[in-house]
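K.L.:
Dropping a structure here in structure tokens format, bear with me for questions.
The values are calculated or read from the model by the stated rules, or taken from the named source; none is laboratory data. The shown structure was predicted, so the numbers you read here are calculated from the model rather than taken from an experiment. A quick note on method: Cβ atoms are made from the backbone with ideal geometry, for glycine too, and the neighbour counts reach across all protein chains shown.
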Amino acid sequence: MDRINGMKKLVASTTLKSVGWNATLLDGDVAESLAALKRQPGGDILKYGVSQLDRTLLCAGLVDEYHLSIVPTRVGHGKRAFEDVGSISLDLAGTHRFDNGVVTLTYVPR
């Protein structure tokens, strides 16, 4: 937990005016801000969950790879990962199976 607490976090929001928890609110053009950040030296930029930001990042060419986890639980509803993106082509780059039955698939955009 200390590692997560210590990590720099970026928040893209159309409603928030301020954030806490070692976070910075991205204002203005989110794709432009993230493209500039991506050009800087350093580690990977990770994004968790499914949101409207996915479409923005994909359309701006800012996604290097997707890690999609399949959890063998039926919940009946939820957001679809690529619902508003249109047609995209992905290549499978790797798989990882966990002992609990979860499978993570790694894809890269073509």
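K.L.:
Within the stretch 64-76, can one find any residue that is outside any loop (DSSP other than H, G, I, E, B), under 17 Å from the mean Cα position of the chain (by Cα) and among the hydroxyl-bearing types (Ser, Thr, Tyr)? Before the answer, list the steps.
P.N.:
Residues of the stretch 64-76 outside any loop (DSSP other than H, G, I, E, B): 66-70.
When the remaining residues are screened for being under 17 Å from the mean Cα position of the chain (by Cα), the result is 66-70.
Still in the running and among the hydroxyl-bearing types (Ser, Thr, Tyr): 66, 69.
Scanning the stretch 64-76, I find at least one residue that is outside any loop (DSSP other than H, G, I, E, B), under 17 Å from the mean Cα position of the chain (by Cα) and among the hydroxyl-bearing types (Ser, Thr, Tyr), so the answer is yes.
K.L.:
Search the stretch 11-50 for residues being acidic (Asp, Glu) and surrounded by 10 or more Cβ atoms within 10 Å (Cβ to Cβ), and hand back the single one that is nearest to Glu65 (Cα to Cα).
P.N.:
Keep residues of the stretch 11-50 that are acidic (Asp, Glu), which gives 27, 29, 32, 44.
Add one more test, that the residue is surrounded by 10 or more Cβ atoms within 10 Å (Cβ to Cβ), and what stays is 27, 29, 32.
Details: Asp27: 24, Asp29: 22, Glu32: 19 Å.
Within the stretch 11-50, the match that is nearest to Glu65 (Cα to Cα) is Glu32.
K.L.:
Here is a further query. So which residues in the stretch 51-80 are in contact with a helix residue (DSSP H, G or I) (Cβ under 9 Å, 6 or more places away or on another chain), among the small types (Gly, Ala, Ser) and surrounded by 12 or more Cβ atoms within 10 Å (Cβ to Cβ)?
P.N.:
Passing the criteria: only Ala60.
K.L.:
Given the criterion acidic (Asp, Glu) and part of a loop (DSSP other than H, G, I, E, B), identify the matching residue among Glu83, Glu32. Please lay out each step first, then the result.
P.N.:
Details: Glu32 fails: part of a loop (DSSP other than H, G, I, E, B).
After ruling out the rest, the residue left standing is Glu83.
K.L.:
Okay, moving on. What number of residues in the stretch 24-58 are more than 30 Å from Gly101 (Cα to Cα) and touching a residue at least 24 places away in the same chain (Cβ under 8 Å)?
P.N.:
Going residue by residue through the stretch 24-58, those that are more than 30 Å from Gly101 (Cα to Cα) are 24-42, 56.
Now drop any that are not touching a residue at least 24 places away in the same chain (Cβ under 8 Å), which leaves 30-31, 34-35, 37-38, 56.
Matching residues across the stretch 24-58 total 7.
K.L.:
Within the stretch 43-63, track down each residue that is over 19 Å from Arg110 (Cα atoms), modelled with pLDDT of 85 or more and in a loop (DSSP other than H, G, I, E, B). Break it down into steps so the answer makes sense when it comes.
P.N.:
So in the stretch 43-63, the residues over 19 Å from Arg110 (Cα atoms) come out as 43-53.
Next cut, modelled with pLDDT of 85 or more only: 44-47, 53.
Passing the criteria: Asp44, Ile45, Leu46, Lys47.
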